[in-house]
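Down below is the structure, laid out as C-alpha cells.
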Amino acid sequence: MFSRILIANRGEIALRIIRACRELGVETVAVYSEADRGAPYLRLADQSICIGGGPASESYLNIARIISAAEISNADAIHPGYGFLAENAHFAEVCRDCRIEFIGPTPEAMAKLGDKVACKQLAKQNKVPLFPGSEGAVADEDAAVAVAKKIGYPVIIKAAAGGGGRGMRVANNEVTLRAGLRQAQQEAAAAFGNGSVFIEKFLERARHVEVQVLADKHGEAVHLCERDCSVQRRHQKLIEEAPGPGIDAKRRDEVCKAAVRLVKAAKYHGAATVEFLMDEKQNFSMLEVNTRVQVEHPVTELITGLDIVKTMIRVAAGEPMPFKQKDVHIKGHAIECRINAEDVARNFAPSAGVITRFEPPGGPGVRLETHVVTGYRVPPNYDSMIGKLLVHDDDRASAIRRMDRALREFIIEPIKTTIPLHRDLMSDAAFNKGGVDIHYLERLLKK
Amino acid sequence: MVDYRRLKELIKLMTENDLSELELRDQQETVVIKRGGAAAQGVPYIAAAPATALRPAAATDAAPGVEDEEAGLRPIVSPMVGTFYSAPDPESPAFVSVGSNVSPETVVCIVEAMKVFSEIKAECSGRVEKVLVKSGEPVEYGQRLFLVRAA
C-alpha cells in the first residue's frame, strides 16, 4: 500500500479521496490554487501545497507543478479524481516516468478506451453492442452520406477525439449532413486537435445507462451494475440513480458482462464506466468509456455497499480485487441530485459568492458529498457543482420520498442552487413513473 | 500559525476602538476576529485559515503581513513549487544574504523542480532584510522567500 497519496484535484472529490486515504491509513497531500486557499477541506489532508494561481491552467491542470509538489512531499502515488488531468494520458505517462503511481489505468489502456474510434473497434471485437454507423472515421462526405443512407436518418456526427457532449451534431437529411460534416470537422480540429469524425444512428428517445467496472492489475474485472443518468441538461447530468428503473434483468446482465469484456480486453486496471444509450426496446448502444472515477460513483456505492475510491487505490497498489463478481449484490435504490450553484430562473447562470447559511440534511439513508461549509466562498474559476446529495432506501418510491424529505431540510443561502429544481423533479409525474429519456428535463424546462 | 502576542494586541485594538470585526490577510493565512454582541463578556470568535506550509508545526516563515507592509518590507515569493537553494552550488557562497542590495535582475536563489534548476530574480530594488527559507527546504507557489526593504 502507498505511504502517501497526492490528490491532484479540488473540492468535493478531493475531500472524498482524503477520507478514503485516512481510512486506509495512507497519508495525504492536497494541492490547491490561490482561489482555493483557506478551503476547510484542505486541513483534513496531512499536508497541503499551493501550486499556483486560480486559473486551472496555472494549477490543477499544470502537470509540472503537480509533479513538483509530489516530489517535494515524497508522494508515491497521485489520485487525479475526475476532470482536470484524470483522463490525460500524457499526465499518466509523466507520472510513470517520474516513478509516481498514477491511480488509474496505464497511459496505453487509457488511450485505447479514450479514443472513440479505437474504442469502438475494440468494442466490436468483444461483442459490445454499438450504434449502427460508420466503421471508423468517415473518409469524406460521400462516404458519410452512404453510411447515413444505410442506417437511416437522423444521424449524429461525432468527433473522434471529443467527449462529454462536445463536438456533436445531428443531421436529419443529406443536405444538413453534408453541411454539418464540414463544420464538425473544422470544429473538432480546432477544439481537440483532431478533425476526425464518425457517424452514428441518432436515437430520439433514449436513456443514458452506464455500467461501473473495476479491474485490477492481475486481469480480474468486476461490474457493479448500472446507473441511469437520463436527467440531463446540455449533456450535463443532474440526477443519477441505480438500478435503472424497469430494466429487464437479462438485458442488464448482458450489457454489464459486455462492459467487463471491453475493460478486460483493453488491459485496463482501475475504475471505468462504460456509457450506453438504451432505446425504448431496451437495446443498448455504447457511447463511450470514461477512464476515471465518475462524479456519481456514490450512487453505486450505496446500492452495493462497496467503496469504489478505496478499491481504486488498492488495485493501483497492486492488490487483487477485494471482491469477486459473485460478491456483488444490489440492495434497494439510490438517487443522487447534483447541487450546483446556479440560478435556474436565470437560465442556470452561475451563482458565486459567500454562503452565509449552510444547513445540510441528515437522518437515515442520506449521504452528502460536499466540501462546502458555512462561510465558504464559491470561487468563480471552476465548475458550479458544490455538492452531491444522495439517498438510499428499499425501493425507488421510498428513495424519491426520502430525497424529497432531505431536499426540504437543505438550506443554502444566499446563493442560488438547483435544490428547488430537484424538489420539483421529485414531485414530477414522469420522473416518479421512471424511465425518462435524456431530453425529458429540457422539455420540462421549456414549459 | 498566528502569533499569540499579536492576537492579544489585535483584540485590544478592537476593544479600544469598539470594532466588531477585523480581517487580516497575508500570503500565508487569513485571520478573522469577530466580537460577540452586546454582552460585556462576549468572547471574540477567531477563525484562522490554516498556515498551509509543508511543515504542519509552528511556522518559521514570515511574520503577519500587516507589520511588514507598515515597515515597508516587500516579500520576494516563489513563482513555482520545488526545492529552495540559496547558492548556485554547495561550494559557492549564497546568492544574497541579509544586507545584500538587490535590483530587479538580481538572482536571489534557485528553485529546483523535476531536476530543472530555475534562477529566481528579485524583481524589486532594495536591501535584503530577512531570509525566510533554509537551503534545501521545499517551497510552494507563492511562498515568501525573502523580505526586502524597498530602496
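Per-structure values
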{"read-out": "Residues located in segment B:107-132, provided they are under 10 Å from B:Thr83 (Cα atoms) and among the hydrophobic types (A, V, I, L, M, F, W, C)", "value": "B:Ile110, B:Val111, B:Ala113, B:Met114, B:Phe117"}
{"read-out": "Tally of residues being modelled with pLDDT of 95 or more and either within 14 Å of chain B (Cβ to nearest Cβ) or within 21 Å of A:His297 (Cα to Cα) (or both) across segment A:110-124", "value": "2"}
{"read-out": "Residue satisfying condition, being surrounded by fewer than 23 Cβ atoms within 10 Å (Cβ to Cβ), β-branched (Val, Ile, Thr) and under 25 Å from A:Cys95 (Cα atoms), within set A:Ile308, A:Ile330", "value": "A:Ile308"}
{"read-out": "Flag if A:Gly180 is in a loop (DSSP other than H, G, I, E, B) and without any contact (Cβ under 8 Å) to a residue 40 or more places away in the chain", "value": "no"}
{"read-out": "Given (1) within 14 Å of chain A (Cβ to nearest Cβ); (2) touching a residue at least 40 places away in the same chain (Cβ under 8 Å), index of the condition B:Leu147 fails", "value": "(1)"}
{"read-out": "Subset of segment B:107-132 that is outside any strand (DSSP E or B) and buried (at least 19 other Cβ atoms within 10 Å of the Cβ) - its residue that is farthest from the other protein chains (Cβ to nearest Cβ)", "value": "B:Ala122"}
{"read-out": "Wholly enclosed helices (runs of 4 or more DSSP H) of segment A:370-440 bearing at least 2 residues touching an Asp or Glu at 6+ places or on another chain (Cβ under 6 Å)", "value": "A:396-409"}
{"read-out": "Residue match in segment A:73-92 (condition: within 26 Å of A:Glu369 (Cα to Cα), within 10 Å of chain B (Cβ to nearest Cβ), assigned to a strand (DSSP E or B) and not small (Gly, Ala, Ser))", "value": "no"}
{"read-out": "Among the residues listed as A:Ala184, A:Ala179, A:Ala144, the single one being at pLDDT 90 or above and either under 22 Å from A:Val255 (Cα atoms) or surrounded by 21 or more Cβ atoms within 10 Å (Cβ to Cβ) (or both)", "value": "A:Ala144"}
{"read-out": "Restricting segment A:38-59 to residues that are touching a residue at least 60 places away in the same chain (Cβ under 8 Å) and buried (at least 20 other Cβ atoms within 10 Å of the Cβ), the residue that is farthest from the chain's Cα centre (by Cα)", "value": "A:Ala39"}
{"read-out": "Some residue of segment B:133-143 being more than 14 Å from chain A (Cβ to nearest Cβ) and buried (at least 17 other Cβ atoms within 10 Å of the Cβ)", "value": "no"}
{"read-out": "Criterion violated by A:Ile5 - all others in (1) within 13 Å of another protein chain (Cβ to nearest Cβ); (2) touching a Cys at 6+ places or on another chain (Cβ under 6 Å) satisfied", "value": "(1)"}
{"read-out": "Search result, residues across segment A:96-110 that are surrounded by fewer than 19 Cβ atoms within 10 Å (Cβ to Cβ) and in a helix (DSSP H, G or I)", "value": "A:Arg96, A:Asp97, A:Glu108"}
{"read-out": "Meets criteria (in contact with a Lys or Arg (Cβ under 8 Å, 6 or more places away or on another chain) and either at pLDDT 95 or above or assigned by TED's automatic domain parsing to the domain that holds B:Pro75 (or both)) for B:Glu129", "value": "yes"}
{"read-out": "Residues satisfying the stated conditions in segment A:31-61, i.e. more than 9 Å from every other protein chain (Cβ to nearest Cβ) and under 19 Å from A:Phe91 (Cβ atoms)", "value": "A:Pro55, A:Ala56, A:Ser57, A:Tyr60, A:Leu61"}
{"read-out": "Some residue of segment A:157-167 being outside the structural domain of A:Met312 (by TED's automatic domain parsing), at pLDDT 90 or above and not charged (D, E, K, R)", "value": "yes"}
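The values are calculated or read from the model by the stated rules, or taken from the named source; none is laboratory data. Quick caveat: nothing in here was measured; it's all calculated off a predicted structure. Every residue, glycine among them, receives a Cβ derived from its backbone with ideal geometry; neighbour counts consider all protein chains shown.
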